[in-house]
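Undergrad: Got a structure for you, questions after.
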Amino acid sequence: MARIVDKDAKKRGIIEAAAVVFARDGFANAKMADVAEEAGIGKGTVYEYFPSKEDLFLELCRHLVRWPQDKSRFLGDPREGLKTVIVAVLESYEKASSFFTILIDYWSVVVRDKNAKRDLFLAQGEGFYDYPRRLVAEVVRTGQARKVFSRAFTAEKIAQIIIAAIEGLRIQRMLDPRHVDMDADIKLLTHFVMAGLKPGNAARRTPAR
C-alpha cells in the first residue's frame, strides 16, 4: 500500500525550515538546497511545493506570525477587549522571534530591486497585515456600535495606528534596547488609544493656512 503523505504537514515543515535558513543567511544568500537540507528532504520536494525561492519567502512571511484566532474573548467588553487585543498582538510578534529579521529582508527587496520581483513582493506585502488589522478594527467597531468608543476615527485607522506603533516599538528595541521598556510603552500606547476613543471626543481638524 502506498504511503499517505500529509501534504499540509510537509508544507509546514518546509516553511519552518525556511524560517531558519532565511533568518540565518538572508534572502539573497539563502538557497533552496539549504532549505531542503534543514527540512531533511530532497531539493526536488521543496520545488514541488514552492516553484521558486521568492514564492517560498512570501509564503514564509505570511505565516511567520500566529495571530490570535479566538475573537470572542475581545468582543464581550470592547473596552477591556481593546486593551487585551493590543497585548495579544504584541505577544504574537514576540513569539515570532525571526519576524523582523526576515521582514527587513523583505523590505530590502522592495526598496532596492527595480524589477518584477519588487512588484511581486510589494503586491503580496499588502496582505501581510490584513488579519490583525481586521481583528483590532472589529473590536473598535464593536465598541463604536455600543457607543463606548468615539466614532471620530474609523476603526480601520485606529487598527493601523496600533499595529504600526507596536512594530515601531519592537524595531526601536532592536536598535536601542536601553530606551525601550516594552511593558511600560505598551501601557502608554493603550492609555493614549483609550483616551482618544472616549465617547464625545472628536477629531480635531488642522487649521487652514
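Rule-based calculations on the coordinates, nothing more; no lab input. As the structure is a prediction and not an experimental result, all values here were calculated from the model. Glycine gets a Cβ as well: all are built from the backbone with ideal geometry, and neighbour counts include every protein chain shown.
Undergrad: Ranked highest first by the average count of other Cβ atoms within 10 Å around their residues, in what order do 156-163, 66-73 fall?
TA: Final packing ranking: 156-163, 66-73.
Undergrad: Right, here's the next one. Give me the distance between the Cα centres of region 20-85 and region 91-156, rounded to whole Å.
TA: 15
Undergrad: Oh, and also: What's the exposure ranking of F50, F149, F128, going from fewest to most Cβ atoms within 10 Å?
TA: So the residues, fewest neighbours to most, are F128, F50, F149.
Undergrad: What distance in nm separates the simple spin-label points at L175 and Q160, each placed 7 Å from Cα in the Cβ direction?
TA: Rounded to a tenth, the inter-label distance reads 2.2 nm.
Undergrad: Let me ask you something else. Could you tell me what fraction of 2.2 N^0.38 Å the Cα radius of gyration of the chain comes to, as a two-decimal ratio? Present the calculation step by step, with values, prior to reporting the outcome.
TA: Working: Rg = 20.4 Å, N = 209, 2.2 N^0.38 = 16.8 Å.
Dividing the Cα Rg of the chain by 2.2 N^0.38 Å gives 1.22.
Undergrad: Please compute the length gained on full extension between M182 and A9, using 0.36 nm multiplied by the number of residues separating them and subtracting their Cα-Cα distance. Let's see the in-between values first.
TA: Working: separation 173, 0.36 × 173 = 62.28 nm, distance 3.46 nm.
Length gained between M182 and A9: 58.8 nm.
Undergrad: Taking the Cα centre of the chain as origin and charging only Cβ (+1 Lys, Arg; -1 Asp, Glu), how large is the dipole, in debye to the nearest 20?
TA: Working: 35 positive and 28 negative charges, 210 e Å.
Here the size comes out at about 1020 debye.
Undergrad: Considering only lysines 8 or more places apart in sequence, or on different chains, count the pairs in region 7-62 whose C-alpha atoms sit under 16 Å apart.
TA: 7
Undergrad: First select every other residue whose beta carbon is under 15 angstrom from the beta carbon of S92; then total the charges, Lys and Arg +1, Asp and Glu -1.
TA: Details: positive: R62, R66, K71, R73, K95, R133, R134, R170; negative: D70, E91, E94, D130, E167.
Once positives and negatives cancel, what remains is +3.
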